Structures are given as C-alpha cells and as structure tokens.
Amino acid sequence: MKEKQISKKYPYKGKVVNIRVDEAEVENGDIVFREVVEHPGGVCIALEDEEGKFTLVLQWRYAQEEELLEFPAGKLEPNENPRDAILRETVEETGYEPIALEEMGMFVPTGAYGQERVYLYYAKQGAYIGQHLDEDEHIQLKKYTLDEIIDLIMSGEIIDGKTCTLAFKLKERKQRNA
C-alpha cells in the first residue's frame, strides 16, 4: 500500500513549517495529490519537583486564538538530537535543569498530513539556573499534580495533544511500576 512520490512542489516555505504538494502514484496506478506539512519535530517534558508537582506553561497560542496549558516543549533545531533539544528547552522555558531524564516515547500529532514527531520525556526537577525565553515567548509557569493534570484534561481545560499524550503515558507508567 506504499505510495510512490512522482513530483513535489513547495507553495510555501516558512520559519516553522514548509507546505509541500506532491503527486503520488497509488497501488492501482492512479496519480493523486498529497499535501504535506514539513516540520522538524519537537520535544515535550513532564518535569516533576520534589513535592510531586509538574511544571506546566500557560501561553497564548495564536493559531488557536486562546491560552493553552501545556507541558514545556519546543521545536527541534536543524539536525538536533531530541535529547539535546529537551535539555535546552527545559531550561529555556522553566529555568530548571532536568535530572534523571527518561525517554517516554514519541507520538505523531497529525499523521494524515504532517511530518512532525514529538519526542516525550520525564525528569526530576534539578537546580534553578534561570529562564531564557525567546523574544516572542510570554509564558506563565503553573504547578499541578499528575492527578490534577488528568482532571484538567478530562474536563477539557487542557486540550494540547502532546500534554494529553504524555500525561496519560506517565500515569500508566507510574501505575505499572507501583
């Protein structure tokens, strides 16, 4: 069922994403068009403090036209290793060093048209060394227990996909290891 790329065009190349329109040959020989959003991928972390609370960021998301509550996250730089990216992004957004970093897998937010993959991590909160926000980032840090985060997801107050995925993976992992 693999489709073969015949041609590709870029109607848009941007800072965060590129839009590609491909012609592809499907199994029966028909030629179809496929729209692809090229994205370098991202990282997301559940950072737990000594009291068992997790740091979330509250920030305006322009595309959604509202503030979203999310686990700290960021975009991969070109050719950047996800582990290096999460170490960088955690300090940039929260100011805290992540310690005892553990991989929690990866997920694809929009498999039908997007190439983005988000790598998920869990860590204990280390020393505070200071935030380094990008000039266009304006975030507030919030602290919640994992149960509170799950409740916020179930009530619809947290709608961010990477946060929902990581929270449920973390809850299941903690239950299995209890």
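One decimal place: the segment Glu67-Arg88 gains 5.2 nm when fully extended, by the rule 0.36 nm per residue minus the C-alpha distance. Need the list of aspartates and glutamates near Lys8 for cross-linking: C-alpha distance under 14 angstrom, and skip anything on the same chain fewer than eight residues off. Correct list for Lys8: Asp22, Glu23, Glu25, Glu35, Glu38. Residues considered: Glu80, Glu25, Glu35. Largest GNM mean-square fluctuation over the chain, using C-alpha springs under 10 Å, is found at Glu25. Extension gain for the segment Gln115 to Lys9, taken as residue separation times 0.36 nm less the Cα-Cα distance, is 36.6 nm to one decimal.
For the residue pairs Lys15/Lys142; Lys4/Lys171; Lys2/Lys75; Lys9/Lys171, alpha carbon separations beyond 31 Å are given by Lys4/Lys171; Lys9/Lys171. Expressed as an acute angle from 0 to 90° and rounded to the nearest 10, what is the orientation of the C-alpha long axis of helix 82-94 relative to the principal long axis of the chain? With both axes taken from Cα atoms, the answer is about 50 degrees. Computed from the C-beta positions of Met1 and Glu51 and an R0 of 35 Å, the FRET efficiency is 0.10 to the nearest 0.05.
Projecting the Cα atoms of Leu133, Leu120, Val91 onto the charge dipole of the range 28-171 (Cβ charges, centred on the Cα centre) puts Leu120 farthest toward the positive pole. Restricting attention to the chain, close to 85% of DSSP beta bridges with both partner residues there are antiparallel. Panel order for Thr145, Thr90, Thr165, by other beta carbons found within 10 Å of each beta carbon, from fewest to most: Thr145, Thr165, Thr90.
When Cα extents along the principal axes in Å is computed from the coordinates, the matching label among (i) 55, 32, 27; (ii) 59, 39, 31; (iii) 146, 34, 30 is (ii).
Calculated mean residue ellipticity, 222 nm, the chain: -6500 deg cm²/dmol, from DSSP H runs (n ≥ 4) at -39500 (n - 2.57) each, averaged per residue and rounded to 500. Between Gln59 and Ala178, the contour length at 0.36 nm per residue exceeds the Cα-Cα span by 39.5 nm.
All of the numbers you see were taken from the coordinates with simple rules; none came from a lab. Everything numeric in this text was worked out from a predicted model, so none of it was measured. Don't worry about glycine lacking a Cβ; one is built from the backbone with ideal geometry, like all the others, and counts go over all protein chains shown.
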